[in-house]
Each structure stands twice: as structure tokens, then as C-alpha cells.
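To keep things clear, I will list the structure first and then write my remarks on it.
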Amino acid sequence: MPVSATLLPELALAAETGARWIAGVDEVGRGALAGPVTVGVAVMDLADPAVDRETGMLAVLDGVRDSKLLTQKARQRWAPVIAEEVPAVSVQHSAPERIDTAGISSALQQAGLAGLRVVEQRLGHPVDAVIVDGSHDWLTGGSSARVHAMVKADSRALSVASASVAAKVERDALMERLAVEHPGYGWESNRGYGSAVHRAALVEHGATVAHRRSWNLGTDRLAAPRGA
């Protein structure tokens, strides 16, 4: 079984920068053909006395890891715990229309910055540092010194793992609702990604308003309205 994410990366960053409040940021749905791209933000307080500074463990979140390494049942069990125990959490979406008009990078940035504003409003003050999952700062394009890119942060850093779980659970629920509105594309299971069922439905029925129309969907047809 994969090990839990810990606060060791956050503690190392705190030792380097003096940060106390660190926000972890992760995205879900970047490569999907339909539905929004979703960004989660979760803030950790490194001055919390419950943090084991030697191991980086926070007992109440022991078991949280990258959402891709958890079962759906485990993610759904952890999401409310994260919402309750983390100082501030936000999940924001950028709609397919935004992706089509501005591009995926801009859509990710919009959702991420919106989430950061929300958690800072809830805290009542700015965070000291931000960790984004990946090899580059996709959140601000390198314009903010407080943003630190970290490869595999979603499996290493507890703040980012918590953000990934929150984002995944909320986006999955949204895709399940969209699956009811647009049956036949299999979004309740493929979550808008390009599965065989999804691509076959695109060929048969065309694209819906929930698809990213600027992407290569294998069809240039718009699906008939439901019930037509």
C-alpha cells in the first residue's frame, strides 16, 4: 500500500522560507474531453501542535494520499474529514467554455487563483507559501516568489494530497450530475475522459454543450437536445 503523504515537504519549505501557512494546489480534469477543469486548494498551519515535526505526520489525516492512489470509497470518506480538519479548503472549476475561449492553461490559472483567494478570505490573511503539483508554476507563470512547483507533490506533500482529494471528489460528483443530463457518454464512470464508450458516443451522437468543443473530439456535430 502506498505510504501517506506527510508535511515533511512543507516543513522543509518552512525551514527555508519561514512560512507558517502553506497552501497546496492540485488540478483534476486537465485531459478530459468534457466537463470542467477543477482545482483544489488546501491550507496547512505548520504551527499546529498536532504536527509531528520529525515525521511530518498529522494524525487526523494519516492515510490521505494522492487521490489517484485512493479508491473512490476512500476518497469519499476522506473528503469531509479534510474539509473539517484543514484550516481552509476551496475547490473551483473552469467551465468548458472558458477552456475553449482562453485555453487550458488560462482556465487552470483562473480556477487556481480563485481558490487561493477563497482560502485567504476564509483565513482572514494571505498564505505564506504555495506548493503546486508539477515541474513548473502553472498557477502564476512564475510571477510570484511564494509559489513553489514540486514534482509528485500530490503524493508527497499532505497539503497538495488533501487538495487533490477535495478536487477529485467534487469534480466526480459534478460529472455524475452531468451524466444524468447527457446520458450515453459514460461520464458517471469515465468522468469525461476519452474512454472507448465516450468516443463511440461522440461519433454516434455528437458533442454536447459540456464538451470542450475546441479539442479534437472526433466529431464536428452538436448533439441533438435531450428529448429531441
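The values are calculated or read from the model by the stated rules, or taken from the named source; none is laboratory data. Here the structure is a predicted model, which is why all the values come from computation and not from measurement. Every residue, glycine as well, gets a Cβ built from its backbone with ideal geometry; the counts of neighbours run over all protein chains shown. Accessible surface areas use protein heavy atoms only, side chains included; no ligands, DNA or RNA. Shrake-Rupley method; radii C 1.70, N 1.55, O 1.52, S 1.80 Å.
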Completion exercise
Across (1) within 13 Å of Val130 (Cβ to Cβ); (2) aliphatic (A, V, I, L, M); (3) surrounded by fewer than 17 Cβ atoms within 10 Å (Cβ to Cβ), Ala23 clears everything bar (3)
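Table: residues versus (1) touching a Phe, Trp or Tyr at 6+ places or on another chain (Cβ under 8 Å); (2) in a helix (DSSP H, G or I); (3) open to solvent by less than 90 Å² (accessible area, probe 1.4 Å).
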site	(1), (2), (3)
Glu170	no, yes, yes
Val180	no, yes, no
Ala201	yes, yes, yes
Glu204	no, yes, no
Exercise for the section: Take the residues in region 28-49 that are in a loop (DSSP other than H, G, I, E, B) and within 16 Å of the chain's Cα centre (by Cα), then tell me which one is surrounded by the most Cβ atoms within 10 Å (Cβ to Cβ). Expected result: Gly29
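Here is a list: Val147, Val81. Which entry is among the β-branched types (Val, Ile, Thr) and open to solvent by less than 30 Å² (accessible area, probe 1.4 Å)? Lay out the reasoning, then the answer.
Working: Val81 fails: open to solvent by less than 30 Å² (accessible area, probe 1.4 Å).
Testing whether each residue is among the β-branched types (Val, Ile, Thr) and open to solvent by less than 30 Å² (accessible area, probe 1.4 Å) leaves just Val147.
Looking at Val86, Val127, can you tell me which residue is among the aliphatic types (A, V, I, L, M) and in contact with an Asp or Glu (Cβ under 7 Å, 6 or more places away or on another chain)?
On the way: Val86 fails: in contact with an Asp or Glu (Cβ under 7 Å, 6 or more places away or on another chain).
Being among the aliphatic types (A, V, I, L, M) and in contact with an Asp or Glu (Cβ under 7 Å, 6 or more places away or on another chain) holds for just one of Val86, Val127, which is Val127.
Given the criterion closer than 30 Å to His211 by Cβ, crowded, with 21+ Cβ neighbours inside 10 Å and not small (Gly, Ala, Ser), identify the matching residue among Leu113, Leu139, Leu69, Leu158.
Working: Leu113 fails: crowded, with 21+ Cβ neighbours inside 10 Å; Leu69 fails: crowded, with 21+ Cβ neighbours inside 10 Å; Leu158 fails: closer than 30 Å to His211 by Cβ.
Step by step, each of Leu113, Leu139, Leu69, Leu158 is checked, and only Leu139 is closer than 30 Å to His211 by Cβ, crowded, with 21+ Cβ neighbours inside 10 Å and not small (Gly, Ala, Ser).
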Handout entry: Residue pairs meeting the criteria (Cβ under 7 Å; at least 6 apart or on separate chains; first within 30 Å of His198 (Cα to Cα), in region 14-34; second polar (S, T, N, Q) and assigned to a strand (DSSP E or B))
Key = Glu27/Thr38; Val28/Thr38; Gly29/Thr38
Exercise for the section: Test Val209 against the stated conditions and say whether it is part of a loop (DSSP other than H, G, I, E, B), open to solvent by 20 Å² or more (accessible area, probe 1.4 Å) and either out of contact with any Gly (no Cβ under 7 Å at 6 or more places or on another chain) or modelled with pLDDT under 95 (or both). Expected result: yes
Practice task
For region 60-76, name all the residues that are under 17 Å from the mean Cα position of the chain (by Cα) and either under 21 Å from Met150 (Cα atoms) or not hydrophobic (A, V, I, L, M, F, W, C) (or both).
Solution key: Val64, Arg65, Asp66, Ser67, Lys68, Leu69, Leu70, Thr71, Gln72, Arg75, Gln76
Completion exercise
With the first residue restricted to region 213-227 and required to be more than 17 Å from Ile99 (Cβ to Cβ), and the second required to be basic (Lys, Arg) and at pLDDT 85 or above, Cβ contacts under 8 Å at 6 or more apart or on different chains are Gly218/Arg199
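One residue is enough: does region 182-196 have a residue meeting the conditions open to solvent by 30 Å² or more (accessible area, probe 1.4 Å), more than 17 Å from Ala23 (Cα to Cα) and touching a helix residue (DSSP H, G or I) at 6+ places or on another chain (Cβ under 7 Å)? Spell out the reasoning first.
Narrowing region 182-196 to residues open to solvent by 30 Å² or more (accessible area, probe 1.4 Å): 182-184, 188-189, 193-196.
From what's left, more than 17 Å from Ala23 (Cα to Cα): 182-184, 188-189, 193-196.
Still in the list and also touching a helix residue (DSSP H, G or I) at 6+ places or on another chain (Cβ under 7 Å): 184, 188.
Yes: one or more hits.
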